[in-house]
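The values are calculated or read from the model by the stated rules, or taken from the named source; none is laboratory data. On a predicted model such as this, the values are computed, not experimentally measured, just so you know. FYI the Cβ positions are ideal-geometry reconstructions off the backbone, even for glycines, and counts take in every protein chain you see.
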Amino acid sequence: MPLPTPFHSRTSAVCDSYEWRNWSGYLSAGIYEMSHDREYYAIRNSAALIDVSPLYKYEVTGPDAARLVDRVITRDVTRQRVGQVYYTPWCDTQGKVIDDGTVSRLDTNHFRVTSADPSARWFQDVGYGLNATVTNVTDDLAALALQGPLSRAILEQVVAGIDFARLAYFHLAHGTVDGFPITITRTGYTGDLGYELWVRPEYAE
């Protein structure tokens, strides 16, 4: 049976369509109203909030963390700065794409990977012999995508400690909302201005 996401009490209260789907073992609203129209135009003209908590999330840590990630993805990790986010595919030994997602460099030897499909086993196999650890943090991190041209203005009203005017595309910053910690990446898949918000599940409500 699919599990509720940390935001389920909020999303279920506004899901008038009762259209739910199983997304990687979590209950996810496929559509909130009876038509997609308002959600689509909200993203294009104002802003919309999407619960993306079901994304798979892994953290790679240790002295060889950068070497492990560099073995897996197709982009050059040696050029990735702390605070920068890569969008990248990763491939098998024959060069066939396995999946794609984002790789955030949280610190010199600390990376966070997000993906649509399970990838932990592949990262662990590739890291054999390296002094690095791959940890599945999917259940330990809730996530929202705030997308649309007004997304920055909304976040500036509620998030402290982040200068959104200086937060570059595909970079991250740490701030607070009502005193609890939050990480925000300037990322998204809508093709518009947007951000993704990463918080511990206990702060989701």
**Item:** Test: residue in segment 148-171 that is assigned to a loop (DSSP other than H, G, I, E, B), modelled with pLDDT of 95 or more and in contact with a Pro (Cβ under 8 Å, 6 or more places away or on another chain)
**Value:** no
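Which count do you get for residues in segment 58-111 that are hydrophobic (A, V, I, L, M, F, W, C), assigned to a strand (DSSP E or B) and touching a residue at least 24 places away in the same chain (Cβ under 8 Å)? Walk me through how you get there before you give the answer.
Our first condition is that a residue be hydrophobic (A, V, I, L, M, F, W, C); within segment 58-111, this holds for 60, 65-66, 68-69, 72-73, 77, 82, 85, 90-91, 97-98, 103, 106, 111.
With the extra rule that they be assigned to a strand (DSSP E or B), the set shrinks to 60, 73, 85, 90-91, 97-98, 103, 106, 111.
So of that shortlist, the ones also touching a residue at least 24 places away in the same chain (Cβ under 8 Å) come out as 60, 73, 85, 90, 98, 103, 106, 111.
Counting residues in segment 58-111 that are hydrophobic (A, V, I, L, M, F, W, C), assigned to a strand (DSSP E or B) and touching a residue at least 24 places away in the same chain (Cβ under 8 Å) gives 8.
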**Asked** Residues of segment 25-57 being hydroxyl-bearing (Ser, Thr, Tyr) and touching a residue at least 40 places away in the same chain (Cβ under 8 Å), which ones?
**Response** 46, 53, 56
**Request:** Keeping to segment 16-38, report how many residues are in contact with a Gly (Cβ under 9 Å, 6 or more places away or on another chain) and over 16 Å from residue 52 (Cβ atoms).
**Result:** 2
**Checking residue 175 against (1) farther than 28 Å from residue 95 by Cα; (2) touching a residue at least 40 places away in the same chain (Cβ under 8 Å); (3) part of a strand (DSSP E or B), the condition it does not meet** = (2)
**Request:** Specify the residue that is surrounded by the fewest Cβ atoms within 10 Å (Cβ to Cβ); the eligible residues are those in segment 32-57 that are part of a strand (DSSP E or B) and touching a helix residue (DSSP H, G or I) at 6+ places or on another chain (Cβ under 7 Å).
**Result:** 56
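Answer with yes or no whether residue 93 is at pLDDT 95 or above and either of a type outside the set (A, V, I, L, M) or surrounded by fewer than 15 Cβ atoms within 10 Å (Cβ to Cβ) (or both).
no
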**Request:** Spot the failing condition for residue 83; the list is (1) in contact with a Pro (Cβ under 7 Å, 6 or more places away or on another chain); (2) on the phi > 0 side of the Ramachandran plot, and only one is missed.
**Result:** (1)
